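Notes for the one structure printed next.
All of the numbers you see were taken from the coordinates with simple rules; none came from a lab. Quick caveat, the model's predicted, so the values are computed rather than measured. Positions of Cβ are backbone-derived with ideal geometry, glycine not excepted, and every protein chain shown enters the neighbour counts.
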Amino acid sequence: MPHRNLEKCLKLVEEDKAITSPAAKMPYYPLVVKKAKGSILEDLDGNTYIDMLSSAGAINTGHCHPKVVDAIQKQAADLILYTHVYMYHEPLVNLTKELISISPGDYRKRVFYGLCGSDANDGAIKLARWATGRTKIVSFIRSYHGSTYGAISLSAISLPMRRGIGPLLPDIYHVPYPDTYRTPFPGMNEDEVAEYTLKVIREALETYIPADEVAAFIMEPIQGDAGLIIPPIKFVKDLKKLCEKHGILFFSEEVQQGFGRTGKWFGIENFDVVPDGIIMGKAMASGLPLGGVVARADLMDDWQAPAHLFTAAGNPVCCAASIATIEVIREEKVLEHTLAMGDYTMKRFRKMQEKYELIGDVRGMGLSIGVDLVKDRESRERNCEAAAKICYRTWEKGVLLSFFSGSVLRIQPPLVIRQEELKSALDAIEESITEYLKGDIPDSVLETIKGW
């Protein structure tokens, strides 16, 4: 491995460990990011890395895009905050018009804002209960929606995030999500998985979750932290029809897949389904804290304050950054670039899949791609050690790569990444896979890399 000086990074990591909450850290490696531009990071010691994570999918337009930086600086010089709760400001109104324009559905819409995807999920719960007069909310097993109490209640992916902090919100239920790789029964095809999962949901509504008491289904169009699980189109369409039959609202949770990640503005557009609302966060403002919900206006028309508001929500600087984000995606044809780079990346990984039995599945849309590592392809048992060691070795080679769901390499680079950068990153990943298979990556790295 190339020698890299990490003296400053290691010193700051130890300082961080001593004074910050371990509940807020899932470490991968001792990387201290000093600055970043486009798809390249630089650490405190001057080492550079190709970013394949985009700060957990929050930097779709690339780090410090000049147009976004300019918008932030100009707005900050004029007005950083005067709470929209009591007053008004132009950037919020301009952003709201843009969000209404790019979100699916030709119905009349309204928007509310928060600070992140987590509180946007909380707001969706509140809105659904208010608008329908019903109390029950249905989410999915292995879903992840964030870390506020409402978002944790919706999530069903990790015991540590739920253990010891209850009781959580009442009347939140979880049903299966259709996984076409690790199927409910061996040998099932995509349509059979869709039909079976719908059957389980119908039975739930008929037996222990009364349909006429359900306010909303909240669904990730691609189940992100579960390992980028893509549902069959048939399932999503049939679920929406089921919701319509029972007067249940359908919210698409786009915190991870929104703002171009799949090659469309929002992930749900890949399924030819129009939701009643879109839940947003992460990449919405290219790294500044902003979240929100765009939904049918009739659901909010009579909603009374202070049901869901925050002093700094939709502040002018974040709104300016979000407007610039949308303009970059539109003007630089980022959606088209995302599809092209996603196709290139999928082909590279599928070639690797032909060579290495370790790769059980390659799945994705646009630049939201999961590479599922297994102990053997027959059992499809997750190979968590392989994922951890390969990510660590890839980092040693100058590529920032992570994994989630224990065994799935998370391929979510900035959407503006250049093909030559992608090639270098994918070359490093393949080299790391071969070194893992040769036994060249020591067990000692597992003491550092914990992951998700």
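The table below gives the values:
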read-out	value
Average Cα contact separation per residue, the stretch 66-331, under 8 Å, 6 or more apart, as relative contact order %	32 percent
Sequence of 230, 102, 19, 218 once ranked by neighbouring C-beta atoms within 10 Å, starting from the fewest	19, 102, 230, 218
Per residue, the convex hull volume that the Cα atoms of the stretch 66-331 enclose (Å³)	134 Å³
Calculated SAXS-style log₁₀ I(q)/I(0) at q = 0.19 Å⁻¹ - the stretch 181-304, Debye, Cα scatterers	-1.15
Spherically averaged projected area of the stretch 271-355 from its Cα convex hull (nm²)	8.6 nm²
Contact order normalised by residue count of the stretch 242-322, Cα under 8 Å, 6+ apart, percent	24 percent
The chain: DSSP helices with Cα axial extent of at least 15 Å and average Kyte-Doolittle hydropathy no lower than 0.5	90-102, 316-331
Tensor-based shape of the stretch 73-116 (alpha-carbon gyration tensor, a/c under 1.5 rounded, otherwise prolate or oblate)	prolate
Selection from 422, 365, 436, by position along the positive dipole direction of the stretch 348-452 (Cβ)	365
Average Cα contact separation per residue, the chain, under 8 Å, 6 or more apart, as relative contact order %	22 percent
Ascending count of other beta-carbon atoms within 10 Å, so fewest first, for 236, 273	273, 236
Cα centroid of the stretch 421-452 to Cα centroid of the stretch 329-363, whole Å	19 Å
Relative packing of peptides 403-412, 29-38 - highest average C-beta neighbours within 10 Å first	403-412, 29-38
Within the chain, helix-based [θ] at 222 nm, where runs of 4 or more DSSP H residues each add -39,500 (n - 2.57), nearest 500	-12000 deg cm²/dmol
Cα Rg over Rh - the chain, Kirkwood	0.96
Most positive-pole-ward Cα, 247, 30, 222, against dipole of the chain from beta carbon charges	30
Prolate/oblate/rounded call for the stretch 232-315, Cα gyration tensor, a/c under 1.5 rounded	oblate
Sorted largest first, extent of the stretch 106-159 alpha carbons per principal axis (Å)	39, 26, 21
Peptides ranked, highest mean first, by Cβ atoms within 10 Å: ranges 423-435, 284-296, 108-120	284-296, 108-120, 423-435
Hull volume in cubic angstrom per residue (convex hull over the Cα atoms of the stretch 22-69)	97 Å³
Pairs from 34/397; 355/423; 97/126; 397/423; 234/347; 25/450 whose Cα-Cα separation, in the structure shown, is over 20 Å	97/126; 234/347
Distance between the stretch 249-318 and the stretch 228-248 - C-alpha centres, whole angstrom	19 Å
Debye, to nearest 20: dipole size of the chain, +1 on Lys, Arg Cβ, -1 on Asp, Glu Cβ	160 debye
Cα point-scatterer Debye curve for the stretch 47-148, base-10 log of I(q)/I(0) at q = 0.14, 0.23 Å⁻¹	-0.88, -1.44
Charged-residue dipole, Cβ positions (Lys, Arg, Asp, Glu), the stretch 66-331 about Cα centre, Debye nearest 20	280 debye
